[in-house]
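The values are calculated or read from the model by the stated rules, or taken from the named source; none is laboratory data. None of these values were measured; they are calculated from a predicted model. Cβ coordinates were reconstructed from backbone atoms using ideal geometry, including for glycine residues, and neighbour counts include every protein chain displayed. Keep in mind that these areas ignore ligands, DNA and RNA; they rest on the heavy atoms of the full protein, side chains included. Shrake-Rupley method; radii C 1.70, N 1.55, O 1.52, S 1.80 Å.
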Amino acid sequence: MSRQARLLALFNVRPDESRLVVWTLGFALLLNGAGVLTRTAAYALFLQEFSGDDLPYTYIGLSLVGPLITLAYLRLNSRASLAVATMAGVTSLLVTLLAVRLALQSPLRSAAVFSLPILSGVAVTLAMTIYWNLLGRLFTLQQAKRLFNLLNSGEQAAVLIGGLLVPALVAWVGTPNLLLVGAVLLAGGWLILFMLGRRYRDLLAADDGPRDRAAPPPARIPRGRYVRLLFGLFGVYMIGAYVVNNLFYVQAQAQFGDTDALAGFLGLFLAMTGGVSLVLQLTLTSRLLERYGVGFFLLLTPVAVSLFSVPLAALSALSAAALPLFVLAALAHFFRIVFDAADTAALNVLYQPLPALVRTRVQTLIDGVLYPVSIGAAGVLLLLLINVAGLNQTQLALVLLAILALWLALAVGVGREYPRQVQQALRKRLFRAQDELVLDSVNTAEIERVLRDPNPASVLYALDLLQEAEVGQMPVYLAQLLAHPAALVRAESAAWIERLALSELLPSVAARLPQEPDIAVRAALQRTLARLGDAAAAEALWAGLSAVEPLVQRETLVGLLRRADGIGRDEAAHRLTVGAMSADPALRANAATALGALYEVHSLSLWDRLLRDHDRSVRHTALDAAGQNGAPALWPVVLGRLDAPQDAA
C-alpha cells in the first residue's frame, strides 16, 4: 500500500473523494486562518487605542450587526446559487479587511479600530455559515457522518498554525498588516471556491426542492420545560463566555503594554487553544460523550472555568499582584475556548430528542436569535456593572461566580431532563400507526444510539420497547449490553437473556462472568447460566453454589430451581432447605428471598416455617418474598399470619 493510500485509509477517505476533501480542508484552513489573524490584530489594536472596559460596546455592536450580515447572506443564498453566495460572502470579507486597513492610516483610525472586534466576530459567524453550507452541498449525509471529524478539524488546525505564525508575522510586517495577510488568505480561499464552483457546478447550483406549502407552520416559540431549559442554558453560557472574555482581555492589556507584544501573545494563546481543541476533537470528544453522556459534557465547561474563577475572585479581593490574576484569567478563558468543541457536540445531542419541526425551530431560534441577543445582553450587563454600578474587576469576578452558579444549575437541570426526553422521543419515533415498530435505517440508528447511552434508564426503557415490539435483533443488542458501563444495565441484560431463554448467548454470558467486577451482575450471570446452561457449564454452576457471596449462591440456586429439565434441581432444593433451617437468621432470610424469586410455589412447609420464624426480620423478608411471588397457593399461609399483630401490617 502506498503512503497516500495509507494516509487516506487513516482518515477514512476514499480515493475518489481525496481531491474534494483536500480542496475543502484547504478552504477551511485559509478561511479560518484569516479569522485568526483578524482576531489577533483586532484585539491587540483595540486594547492599544481603548480600554478593556470599552469592550462591552463592541459586544452590543456585534449583536446588532451580526444578524443583519447573516440575514443578508441568507437572502442572497435564497436568490442565487450557493457558489455565487459563498463567493460573494468571501469577497465582502476581503474588501472589508482592505477597507479597514486603509482606514487605519486615515483620520478614521479610531472608528476603524473600534470596529475591528465587531468585524472579527462577524467574520467568524459568516465563515462558519459559509463553510457548513458548502459541506452540506458537496458531501452526502453518509459522507458527512464518516468524514465529520476530519472536515470539522480545519478550524482548529487553522487556529493552531495561524497562531504559531503570528509572532513571526508581527515581527515581519507589524500588527496592523496582519489584516493584509488575512486578506491574502481570503483571496486564496476565493480561488478555491472558484475551482470548486467550476468542478462541482451541479452540486452547488442544486435547489433544495419545493417547500411543502401544505405543512402546518411550527409554533413561533416551542413550549415545554426542556426547551425553556435549553434556551436558559445557552443564554447563560453565552453571557458567561463573554464575561470571561472581558476579564481576560482587561488582564492581558495590563500585562502587555506594547501592541506587537500583545499580538504575539494572543497568537500563541490561540495556537494553544487550537492545538488542544484539535486533539480533543479527533481523539476524545466522541468517546467521552459516548462513555459519560451529555450530562458530563454540560458540566465540563462551567466546572473548569469555576476552578480558576474562584481563586481569581479571591485573589482580586486580596489585591494580589497582577501576574497571578492574569494567569488565572487566561486559564479560565483557555478552558472555556478549548471545551467549546465539547459544548457544541453536547448541544447537538441535546437537540435530537425534539420532534423534527420543533428541533429545527429551536436550533434556528438559538443560532439566529438567542446567540446575538445573549452577546448584546452580556455587553449591556457589563456596561451597567462597570459604568453605572461602578464595579471594578474584583467585583466583576464575583459577578462571574454568580453567573457560573446559574450556569451549573441549568446544566444539571438539562442533564436530568434529557433522559426523559429521550424516552419520550424513542417511543414516538419507533412506534407509528397501530403501535407497530418500523425498523427502518433511521430507527435502527436511533435504537443503537440510545442503547449506547450511559444513562441506565434510557437503555432499559429502550429494551422494554423492543421487547414489546418483538424485535428480532434483541439477542444482538443484549450481547452488546453485557459490556455496558452501567452495572444495572449489565445485570438486566443477563435477566433478559434468562427470561427470553436465549441459549445462543450462553457463550457471551460465560465469557463475561470471570471479568465481571460487580457482585450483583455476577449473581445475575450465574442465575442465567444455572437456568439455561448445559453440562459444559457445570463447573461454573458449582463455583456459583460455592461462592463466598450469599447473593451469588442464592441466584445460582434460583436458576437451578427454575430449570425445566430438572438438572441440578435436587441439589439446589437440598441447599435451599438447609438454608431455611439454618441457625443463622441471615441464611434463613436469604432462603426466603430465593423462594420468592421462583416461578412456582416450592415447598409450602418451608414457606410456613419462614413466615412463622422467631426472628422478626426473617418473617418480614418472607412476607415480602411472598408478595413478590404472588402465587395464589401462598394466600392461605400468608393469611394465617394476620393473627400476629406484629406482622399484620
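A compact table of results
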read-out	value
Residue 199/residue 223 FRET efficiency (R0 41 Å; Cβ-Cβ; nearest 0.05)	0.35
With all protein chains modelled, accessible area of residue 340 [1.4 Å, Å²]	60
Probe 1.4 Å - accessible area at residue 578, Å² to nearest ten	80
For region 156-199: rounded, prolate or oblate by the Cα gyration tensor [a/c cutoff 1.5]	oblate
Spacing of the two label points (7 Å from each Cα toward its C-beta) at residue 616 and residue 424, in nm	4.5
For region 14-154: rounded, prolate or oblate by the Cα gyration tensor [a/c cutoff 1.5]	prolate
For residue 555, solvent-accessible area (1.4 Å; no DNA, RNA or ligand), Å²	20
Residue-by-residue Karplus 3J(HN,Hα) for region 160-168, coefficients 6.51, -1.76, 1.60, Hz, glycine and proline x	5, 5, x, x, 5, 7, 4, x, 5
Amide proton proximity set for residue 568, modelled H, under 5 Å, gap of 5+	none
Two-site FRET efficiency, residue 9 against residue 258, from Cβ-Cβ distance with R₀ of 60 Å, rounded to 0.05	0.80
Rough spin-label spacing in nm, given labels placed 7 Å along Cα→Cβ, for residue 608 and residue 98	10.3
Interchain or long-range residues, amide H under 5 Å from residue 139's placed H	none
Accessible surface of region 486-623, 1.4 Å probe, proportion on carbon and sulfur as whole %	57
Other-chain or far-sequence residues with amide H under 5 Å of residue 391's (modelled H)	386
Point-to-point label distance, residue 268-residue 563, nm (Cα→Cβ direction, 7 Å offset)	7.2
Heavy-atom accessible area per residue - region 81-145, 1.4 Å, Å²	43
Distance histogram for region 220-339 (every C-alpha pair counted, 10 angstrom bins, percent rounded to whole numbers)	12, 35, 32, 17, 5, 0
Contour minus Cα-Cα distance for residue 511 and residue 106 (0.36 nm per residue)	138.1 nm
Rounded to whole Hz, the Karplus (6.51, -1.76, 1.60) HN-Hα couplings of region 90-98, x for glycine and proline	5, 4, 5, 5, 4, 5, 5, 4, 5
Rounded to whole Hz, the Karplus (6.51, -1.76, 1.60) HN-Hα couplings of region 614-627, x for glycine and proline	6, 8, 4, 5, 5, 4, 5, 5, 5, 5, 4, 5, 5, x
Region 6-95: C-alpha gyration tensor shape, a/c 1.5 cut-off, then a/b vs b/c	oblate
Accessible surface, 1.4 Å probe, highest first, among residues 118, 519	519, 118
